[in-house]
Amino acid sequence: MIDCHCHILPGVDDGATCLAESVLLARYQVKWGFRKAVCTSHRVGKYPNTPDDVKRACDLLRDELSKEGVPLELEPSMEYRLIPETWPETLEKGWLLPWEGNHILIELPIHKASRIGNIVPEDEIERLIDMGFQPVLAHPERYLYLDMDRYLSFKEAGALFQRNIGSLEGLYGEAVSVRAEALLTEGLYDLIGTDLHNERYAAFFDSFGFKAG
Ligand SMILES: [Fe+2]
């Protein structure tokens with residue numbers, strides 16, 4: 001099993017803050033049954049990481065896991081928010097760092113739809129596909145400003161949908177849980193991921209006995 005979405009690299013975004021916390025989170029992933037983690041560090045206004053930043057942090061953690069005997073394979077990648085502050089520059093500089101299968105994890109602004117500016121997600125999904133990538137929309141259940149027609153339009157454009165572990169169980173509140181249920185009922189999900197940021201997430205997953213395999 002592969003965890004295709006997590007923030008366990010040390011000090012690059014709002015996930016793990018230091019190497020010790022990274023190792024702790026990796027140990028949880030192994031316990032849940034993952035053999036590999038795709039490290040999808042943020043690329044947003046507040047965390048404008050480049051692929052080199054992420055690869056460096058990934059090498060650091062890989063060495064530490066090997067020293068500590070934690071059997072988790074790591075692949076560096078990124079979670080790209082479709083916002084004017086970072087997305088056009090990402091494309092311009094060729095800063096797309098896909099994971100296995102040429103997947104690119106994209107996300108939308110979580111709360112404020114207006115932060116997307118004049119970016120049209122469907123156009124960006126099609127653009128990525130034309131470039132030979134497979135776009136994956138992270139946690140569609142968290143964008144409560146979308147309606148079902150819009151979700152279907154993203155699917156039609158060619159995006160895969162990734163549900164967060166814990167969304168159904170209430171990690172992000174009741175409204176997100178209801179939305180996740182609706183997307184599940186429509187059969188719109190293709191992948192799941194932890195979106196693991198810190199130990200609070202891990203404790204929540206353990207509280208409902210989460211197992212990946
Ligand atoms: Fe994430």
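Please treat every number below as a calculation from the coordinates, not as lab data. Source: prediction; values computed, not measured. For neighbour counting, all protein chains shown are included, and Cβ atoms are generated from backbone atoms with ideal geometry for every residue, glycine included.
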- Query: According to the square roots a ≥ b ≥ c of the eigenvalues of the Cα gyration tensor, what is the shape class of the chain, taking rounded for a/c under 1.5, prolate for a/b larger than b/c otherwise, and oblate for the remainder?
  - Reply: oblate
- Spin-label pair residue 203/residue 184, simplified geometry with 7 Å Cα→Cβ offset, distance in nm: 2.4 nm
- What is the mean projected area of the alpha carbon convex hull for region 60-132, to one decimal in square nanometres? 6.5 nm²
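With only Lys, Arg, Asp and Glu charged, each at its Cβ (+1 for the first two, -1 for the last two), find how big the charge dipole of region 131-213 is about the Cα centre; round to the nearest 20 debye.
The dipole of region 131-213 has a size of about 140 debye.
In debye, nearest 20: dipole of the chain around its Cα centre with unit charges on the Cβ of K, R (+) and D, E (-)? Display every interim value, and only then the final one.
On the way: 22 positive and 35 negative charges, 82 e Å.
Result for the chain is approximately 400 debye, rounded to the nearest 20.
In nm, what is the difference between 0.36 nm times the number of residues separating residue 120 and residue 27 and their Cα-Cα distance?
On the way: separation 93, 0.36 × 93 = 33.48 nm, distance 3.86 nm.
Full extension of this stretch gives 29.6 nm more.
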- Ranked list, fewest to most other Cβ atoms within 10 Å of each Cβ, for 75, 107, 85: 85, 75, 107
- Message: Can you compute the FRET efficiency between residue 20 and residue 145 using 1/(1 + (r/R0)^6), with r the Cβ-Cβ distance and R0 = 22 Å? Round to the nearest 0.05.
- Response: 0.05
- Note on the structure: Going residue by residue through region 62-70, the Karplus relation 6.51 cos²θ - 1.76 cosθ + 1.60 with θ = phi - 60° gives ³J(HN,Hα) values, rounded to whole Hz and with x marking Gly or Pro, of 4, 4, 5, 5, 5, 4, 7, x, 9
- Message: Whole-Hz ³J(HN,Hα) for each residue in region 187-197, computed from phi via Karplus 6.51 cos²θ - 1.76 cosθ + 1.60 with θ = phi - 60°, x for glycine and proline: what do you get?
- Response: x, 8, 7, 10, 9, 10, x, 7, 6, 4, 10
- Query: Tell me, in nm to one decimal, what length is gained between residue 56 and residue 211 on full extension, where the rule is 0.36 nm per residue of separation less the Cα-Cα distance?
  - Reply: 52.8 nm
- Note on the structure: Sorted by chain and number, the residues with a modelled amide H under 5 Å from that of residue 49, at a separation of 5 or more or across chains, are 44
- Query: For labels at residue 100 and residue 112 in the simple 7 Å Cα→Cβ model, what's the distance in nm?
  - Reply: 3.8 nm
- Residue among 56, 142, 179 with the largest mean-square fluctuation in a Gaussian network model of the chain, springs linking Cα atoms under 10 Å: 56
- Message: For residue 139, what residues show an amide H to amide H distance below 5 Å, using hydrogens built from the backbone and excluding near sequence neighbours?
- Response: 162, 164
